[in-house]
Structures are given as structure tokens and as C-alpha cells.
1. Under 5 Å between amide H atoms, partner at least 5 residues away or on a different chain: which partners does L193 have, H built in plane at 1.01 Å?
2. With an 8 Å Cα cut-off and a minimum separation of 6 or more residues, compute the relative contact order for the stretch 240-294 in percent.
3. Under 16 Å Cα-Cα from K481, which aspartates and glutamates qualify once same-chain neighbours fewer than 8 residues away are excluded?
4. Might you report the magnitude of the Cβ-based charge dipole of the stretch 322-481 about its Cα centre, with Lys and Arg at +1 and Asp and Glu at -1, to the nearest 20 debye?
5. Return the loop-located GluC sites (Glu not before Pro) in the stretch 181-232 (DSSP other than H, G, I, E, B) with at most 11 other Cβ atoms within 10 Å of their own Cβ; answer none if there are none.
6. Rounded, prolate or oblate: which fits the stretch 237-334 when a ≥ b ≥ c are the square roots of the eigenvalues of the alpha-carbon gyration tensor, with rounded for a/c under 1.5 and prolate only if a/b beats b/c?
7. In debye to the nearest 20, how big a dipole does the chain give about its Cα centre with +1 on each Lys and Arg Cβ and -1 on each Asp and Glu Cβ?
8. Let me know the shape class of the stretch 141-208, please: from the alpha-carbon gyration tensor, a ≥ b ≥ c as square roots of the eigenvalues, rounded when a/c is under 1.5, otherwise prolate if a/b is greater than b/c, or oblate.
Amino acid sequence: MAFPEGFLWGGATAANQCEGAWDVDGRGPAETDMLTGGTVDTPRMLTYRMPDGTEGAVPQWDGLPKGAKLAVLDGYLYPNHDGIDFYHHYKEDIALFAEMGFKQYRMSISWSRIYPKGIEDEPNQAGLDFYRNVFLELQKYGIEPLVTMWHFDTPNYIEEELGGWENHDTIALFDKYAKTILTEYKGLVKNWLTFNEINNTISFLGMMAPATDEQFQGAYQHLHNKFVASAHAVKMAHEIDPSYKVGCMICGIVDYPLTPDPDDVIANRYMWEKSLFYCGDVQCKGKYGTYAKRLWDEHNVKLEITDQDLKDLAEGPVDFYTFSYYQSACVTTHTDAETTKGNMTIGAKNPYLTASDWGWQIDPKGLRYFLELIYDRYEKPLMVVENGLGAYDDLVEGEYGEMTVHDQYRIDYLREHVKEMEIAIEHGVDLIGYTTWGCIDLVSAGTGEMRKRYGFIYVDKNDDGTGSYARYKKDSFAWYKKVIASNGEDIA
Ligand code: BG6
């Protein structure tokens, strides 16, 4: 049997996409609360108010006009405000995860539920209580939480008033938050992740529209500060509880050269360095890669890095490496190549692959490629903490009158990826866990849609905000239950 005993099968979600209750029990706002819904072809918008009271909205990636402050405005729908109301349904949802046999549930803590602005001296007790109750519920069923400290939701106050992650002082605010949750949940949590898809900050920049040197300067400084905060969190975790394990979380973008043109091969290698190794190396090895200076020089970046920062990075490498994996893309210097969409990425289209309805190219073998390459590079245990197919689902009446979804397409997608994980393990990769993305339907991060569904559990909520929030098991629910029960042996 390829999958080791104790393999951590499960599912993954993020606070901002599932909890809802965005302003309940003292939670403060984060940027995700000011994001409208989009579609596969139209961007999510950020809504704002100018000092003179004028209101407006800009595409998420465009940046706000000078002086604008994010604001919740009348006449817009904000899908993350209600999510799938996990805040009030967590007992029911965890019972369903337990029924599937989950060994692990990846979730995130919303920073602004613990520190509403990020600057308070004392944490918000109601926020602490909520996560404690969730962890206790998981414990009831023997499900290990895997907790992401930051999943796209810095408190808005820090972003707007303090300069966000480009400001070195934000590190201390994150330290306080990390220390609070690491202390509070000792004994309830064993495994932590610091920053979700930390590499998006740099890999996505310049993809939608050309970026300026100033933007690159900001993005690299932002990342440096997160690296230091992550290293602090690892160090603190080990001090607070020596049995804590802390991992990084990287957006696993697999790129291939589109042609054998040496320029494409080199461009592809440089893409891996910029998009993947840049973050993985600092977080796993505790220091910047040899190519970092080249990347900075390309955009005249001059980073503010203190000697203490370098010492902290060296003392805080992660214990394991985790990543999301959905699709692959190609890199080319040939400007006439056809492009494809993807998870925080746009690349050249691969003629050998098919794509999801959202244009994400489906490539199970790319997962094996990534696992083997990354394990060889870092020799640390790996976890795939996001993988899945975002698809349109039809809720229909099942054989016994129950409502269900016949999602064979999702089963097929997952099965092919499980097969490749199995091969990678046979080839010597130390893969210790797999949590599929959106194990229960939730709000899409990229488009804000509900109809882009990933779950084994259907949630009756629609893009226009209507729905009963009832939960229904899809066909994939029984399939995954079987996969877990057989530890990956029975994937038919
Ligand atoms: C990853 C994120 O980028 O991909 C998740 O960590 C996200 O938050 C997931 O939801 C899938 O992307 P999308 O855009 O389909 O929700």
C-alpha cells in the first residue's frame, strides 16, 4: 500500500470564504469584506469611498484611487459577508466531515476575529471562543485541525492606516496575533501553516497588466516582512509547544517551457525561481536563494533587510512544506502564443491538456512532477493542502428522494490526482497529507462565485445571495469516504 499509515486525508477551507458572520461578535473588517462577486469573465470589484464622500468600485487588481478608503456600499452584494455561514453551521459541517472519515481538516483563523484592528492589547474573547469550540468539535471526532494563520485577510485597519505588509512594523502585530493563538490553542492543535499561498504576492504581479518598479519594490518588501513574520511564528511555536509543527503554504504553479527554444527553457526556469523557489527557499532554508539578487535587480528593488531579520530567517525554517495544486501552464517568449487562465496565474496554453469551465488546465501528472521536484529540493515532509475541481453542479433528486449532485467529473479529477500522489510516494516522496479544496462548497476566492463549486457537500446558496444554506451530500461524498476508509487503495 503506497499511502503510509496515518496519512492525513481531509479537506480544506478558509475563514473568509466560509464563515460569514463578517461583523458578528466583535470581528473587524478585512479587505475580503469589501469585495463584490465577479464571474469567470468579469473581475471582483473593491468598493471605496473618497474623503469627499464620492463612492466607487475598481477591479480587485487595479488598486484604489489615491485617498480612497475601502467601504461597504449600498447596492452591492458582498459574498464573503455570509460565506456559507460556517460560523453557525460548524457542528453540522464537522459531523459531515467526520462521516467521510476525515483525519485532518484544514481551516484558517480570521486575524480580525481575534484582533479586530490588529493593534489592540487584548484579544477579542468571542473570537477566541469560536475557534476553541470548533477545535473541540473536531477533537470529538478525532479530526486533527491544520490551521492557517493568514488566508488573505489582514485586518483592514493595518492595511489602510499602517501601510499593510510593506511596513516592517506589521511584523510585530502579526507576532502578537501568532503568539496569542499558539498559546491559546496549545493541546488542541498540532499543525500550523503561516501564510496561505505566500508566493501570490510576487508571482501574480505583472501578469494581468505590466507592473512598475515601484510595485515590485512594494511586493518584494511585503514578502520580506511576511518571511520574517513566518520565521518568528515558527520559532515561537517551537518555544510554546515543542511538539508543534509549522509549515509554509505555496501556490503550486507548475510551469513547462512551451517550446524547446532555449529562451523558453530559460524563461521557464526563471519563472520557477520567481514564482516558487523564491518563497520556498527562504521559508525552508532560512535564507534567500542565489538568484534573488537577479530578481531584485530586474526591477531596481532595494530591500530594507536588517541583520536581525537575516538572523531570524535563519532560525525559523519551517518543519514541512505544503502547497495548493490545481493546474499547470506553459511559459514562452513567443508573443503569439494562446493564453490560459488559472489559479492566480496566466500562462500559455498547453495543447496536450483540457481545462475546467474556468479555463484552469487539468494536469494530474503535473502534481507528481511538482511533488518529486520539491521533495528533492527541500527533503521536508510535504502536504497537498488544496486540490480540486471548481465546477457547475446541478442539484437533483437522488434515488431515495434525497437531493444530491451527480458529480462524476469531480470524482474523475480527484482520482487522477490521487493516483499521481501514490506514484510520487512510491518514488520516495515523503507525502504526509492531502486536503482537497472546498470540501464543502464555499465562496470562490478568485471570482466570488458560489456556483464555482468544489465540495463533497453542496450548500444551497446562490450568487444572488438567496438560498436556505441547507447541506446536501454529492456523489463524491461517498467516493471520498471510500478512499479514506481504504487509505487510498479503493479509488474506483
Ligand atoms: C487558492 C486559495 O488560491 O485557490 C483559495 O488558497 C481559493 O482560497 C482556491 O479558493 C481556489 O480558487 P478559486 O478562485 O476557484 O476560489
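The values are calculated or read from the model by the stated rules, or taken from the named source; none is laboratory data. Keep in mind it's a predicted model, so treat the numbers as computed, not measured. Here Cβ is always computed from backbone atoms with ideal geometry, including for glycine, and neighbour counts include all displayed protein chains. Keep in mind that these areas ignore ligands, DNA and RNA; they rest on the heavy atoms of the full protein, side chains included. Shrake-Rupley method; radii C 1.70, N 1.55, O 1.52, S 1.80 Å.
1. Counting only residues 5 or more places away or on other chains, the set is V147, T148, M149, G247.
2. After rounding, I find 30 percent.
3. K481 reaches D93, E99, D407, D412, E489, D490.
4. Charge dipole, the stretch 322-481, about its Cα centre: 280 debye, nearest 20.
5. Of the GluC sites (Glu not before Pro), not one in the loops of the stretch 181-232 has a Cβ with at most 11 other Cβ atoms within 10 Å.
6. It is oblate, given that a/c is not under 1.5 and a/b is not larger than b/c.
7. 820
8. Verdict is oblate for the stretch 141-208.
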